[in-house]
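The values are calculated or read from the model by the stated rules, or taken from the named source; none is laboratory data. Quick caveat, the model's predicted, so the values are computed rather than measured. So basically every Cβ, Gly included, is an ideal-geometry build from the backbone, and we count neighbours across all protein chains shown. These accessible areas exclude ligands, DNA and RNA; they are computed on the full protein's heavy atoms, side chains included. Shrake-Rupley method; radii C 1.70, N 1.55, O 1.52, S 1.80 Å.
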Amino acid sequence: MMNLKRLAALVIGLGLGSTALWAQWSFGVKGGLNASKMKWEAMDPKFKVGAQVGGFATYHLNEEWSLQTELLYALQGCRFEIWESLDEKDKITAKDNLHYLNIPILARFQFASGLYFELGPQVGFLLGEYQKYKDERHRIEATKPVDVALAGGVGYAFNEHLEWNFRYVHGFLPTRKYLNDDFKSMNRSMQLSLGYRF
């Protein structure tokens, strides 16, 4: 009889401990817009707008501090102008479209008001790429498969479920092989998103 009581107490204790551990985690989905460009001296690129969507998992260290990792699809790249000849009329706009699967890992501090700040590294894995002009798609040669960046942002949690976020992502690795520094291109992006925490 005593053994059954001890076994029951052990099962209950493990259940309560697992519940407490699980309560420190939260999960959600997010999506929004991604305004991206490149640091690319030779081409003077402009921002282009794409979509980003994915999910996140947050481990709550206490009421203020947490660690959040995300799995996000993002369309990045830039717009730039090219000339088909010396005639100014032959100038056309081209777009570099880079499809990434991004994984940021962020430290987050949240005030009681709901305002929060975040900072951490991000690794991006290239899913596909092409350059578009004159309604034609051309593959971008020698594109690097991995991007490494620093992400930082600010956001506001309206309640325990809904929040918005603004984030800047600064890439450190060239997106492709280059001949000299004028042709060295690195990702830059600003992201505005809305998230829902389950």
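Summary of computed values
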| quantity | calculated |
| --- | --- |
| Residue count, the stretch 97-107 (criterion: at pLDDT 95 or above and open to solvent by 10 Å² or more (accessible area, probe 1.4 Å)) | 4 |
| Selection count, the stretch 150-171, where residues are open to solvent by less than 70 Å² (accessible area, probe 1.4 Å) and touching a Pro at 6+ places or on another chain (Cβ under 7 Å) | 1 |
| Any hit, the stretch 172-186, residues being at pLDDT 90 or above, open to solvent by less than 70 Å² (accessible area, probe 1.4 Å) and farther than 13 Å from residue 106 by Cβ | no |
| Filter result for residue 85 (surrounded by fewer than 18 Cβ atoms within 10 Å (Cβ to Cβ), more than 28 Å from residue 198 (Cα to Cα) and at pLDDT below 95) | yes |
| Unique residue being assigned to a strand (DSSP E or B), under 14 Å from residue 187 (Cβ atoms), modelled with pLDDT of 80 or more and over 13 Å from the mean Cα position of the chain (by Cα) when the list is 77, 28, 50 | 77 |
